[in-house]
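Taking it in order: structure first as structure tokens, then the write-up.
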Amino acid sequence: MPFESVRGPALPVDSPGDVAALVDLLGPAATDDRLRNSLCDHFAYVAGVHVEWFRPHQERVVVELLGGFQVTFDTLCALLHGAPDSCVEHLERELRRQRSPWHLDVLAAIGTEPALTVAADVVRSHGGADELENAGFWTPPSGPLRQRFSSHRLALQRRPVADLAELLGADHPVGLPLDRVVRRPEATPVDWHFLSLRAAALPGVPAWPAERLHLVETDDGWAVAGTVGDDGRWYDESVEAEGPPEDSERDNDEPDGRGMVVLRPFDDTLVYCNGHILSTPDVYGMVGGPPIGVYSNPSCRSCDRLMFHVATVTNHIRGHGDGFRSLYICEDCRVTSCTASNWN
């Protein structure tokens, strides 16, 4: 089984009965850090491979066992999506008794209109919009929360390319020349291309006016944004700085690190470890799912709405910088933003 628990004993996850046994362990896990951490790895595997085995337990977990249910937010969204209204009613009662960011997270993860309506009402009354925005949910002036990411998760697995011609013909290239990405490469703050993704291949991502979406970087700040023309290239770039500029020691046009990615479904061919899939050979990120959640996520520079999270990769996909690189879009304003963050 492609599953590794580095935080405790590895338990079987081969049948619906095994998942029921894991759920039973959430009770003692509430007071056992080692068991709680180990179960996080197990439930990440369940969320990727057999989410249907968990659905019969949604209500019990939310109503009785949340204290031992410590999982990553993308796992939470996969396992609790569509949980029954009885869960929402329970969480609403708990929030009236004592406001808890964790209960808000669970409501957002459930993702039904009643859940998102309750969460939005709580935020507008008592605050907490920033925390939910970091998790990928926008609180509009009225109505329910709006989920700003696709629930369809795909792994990004990198493969080499033979030459520039193969790179230029790939659906999802890594290391494009900058003149394929920006209109004015001689004047742009963009100095590194990580990845481009063919928009039509991304389930759940809003319609986009160009064939591809580009994940790029600048050494002048933590975020760079640009408007996208019909040709898919950026123009009118802007940089949001955090700290002093850093000089890059590498040239984007170096052939080292060029490649392409293929999109792989979440299934039992991935390695699930430490709550994620990045232990899978040559897998360096994910399309879909919520953003990392521990860093501020960008709002559109034109309309100020929380941007839609498309993908996050590690810098190892092309060996530049350090940490995570994320791609966001505003589908209405045709603005793309890319952020750089250190390891969390």
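Some values worked out for this structure:
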quantity: Selection from the stretch 327-344 of residues that are more than 19 Å from Ala207 (Cα to Cα) and either in contact (Cβ under 8 Å) with a residue 60 or more places away in the chain or surrounded by 21 or more Cβ atoms within 10 Å (Cβ to Cβ) (or both); calculated: Thr339, Ala340, Ser341
quantity: Of all residues in the stretch 117-149 being crowded, with 22+ Cβ neighbours inside 10 Å and in contact with a Pro (Cβ under 6 Å, 6 or more places away or on another chain), the one that is nearest to Ser86 (Cα to Cα); calculated: Ala120
quantity: Single unsatisfied condition, Pro206 versus (1) in a strand (DSSP E or B); (2) within 30 Å of Val106 (Cβ to Cβ); calculated: (1)
quantity: Matching residues in the stretch 29-46 - criterion: being assigned to a helix (DSSP H, G or I), among the aliphatic types (A, V, I, L, M) and free of Cβ contacts under 8 Å to residues at least 60 places away in the same chain; calculated: Ala29, Leu35, Leu39, Val46
quantity: Within the stretch 52-127, helices (runs of 4 or more DSSP H) holding 3 or more residues that are within 23 Å of the chain's Cα centre (by Cα) and on the phi < 0 side of the Ramachandran plot; calculated: 73-80, 101-110, 113-126
quantity: Check on Asp304, among the acidic types (Asp, Glu), touching a residue at least 60 places away in the same chain (Cβ under 8 Å), in a loop (DSSP other than H, G, I, E, B) and out of contact with any Cys (no Cβ under 7 Å at 6 or more places or on another chain); calculated: no
quantity: Filter result for the condition that a residue is crowded, with 20+ Cβ neighbours inside 10 Å and assigned by TED's automatic domain parsing to the domain that holds Cys303, over Leu164, Leu213; calculated: Leu213
quantity: Qualifying residue in the stretch 248-268 (condition: part of a strand (DSSP E or B) and closer than 18 Å to Asn342 by Cβ); calculated: no
quantity: Residue check, Glu94 free of Cβ contacts under 8 Å to residues at least 24 places away in the same chain and under 26 Å from Pro141 (Cα atoms); calculated: yes
quantity: Residues (assigned to a loop (DSSP other than H, G, I, E, B), in contact (Cβ under 8 Å) with a residue 40 or more places away in the chain, touching a Leu at 6+ places or on another chain (Cβ under 7 Å) and of a type outside the set (Val, Ile, Thr)) located in the stretch 172-198; calculated: His172, Gly175
quantity: Residue within the stretch 275-292 that is outside any loop (DSSP other than H, G, I, E, B), surrounded by fewer than 21 Cβ atoms within 10 Å (Cβ to Cβ) and aromatic (Phe, Trp, Tyr) present; calculated: no
quantity: Set Gly204, Gly169: member being assigned by TED's automatic domain parsing to the domain that holds Gly221 and without any contact (Cβ under 8 Å) to a residue 60 or more places away in the chain; calculated: Gly169
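The values are calculated or read from the model by the stated rules, or taken from the named source; none is laboratory data. Predicted, not measured: the structure shown is a model, and the values here were computed from it. All Cβ positions, glycine included, derive from the backbone under ideal geometry; neighbour counts span all protein chains shown.
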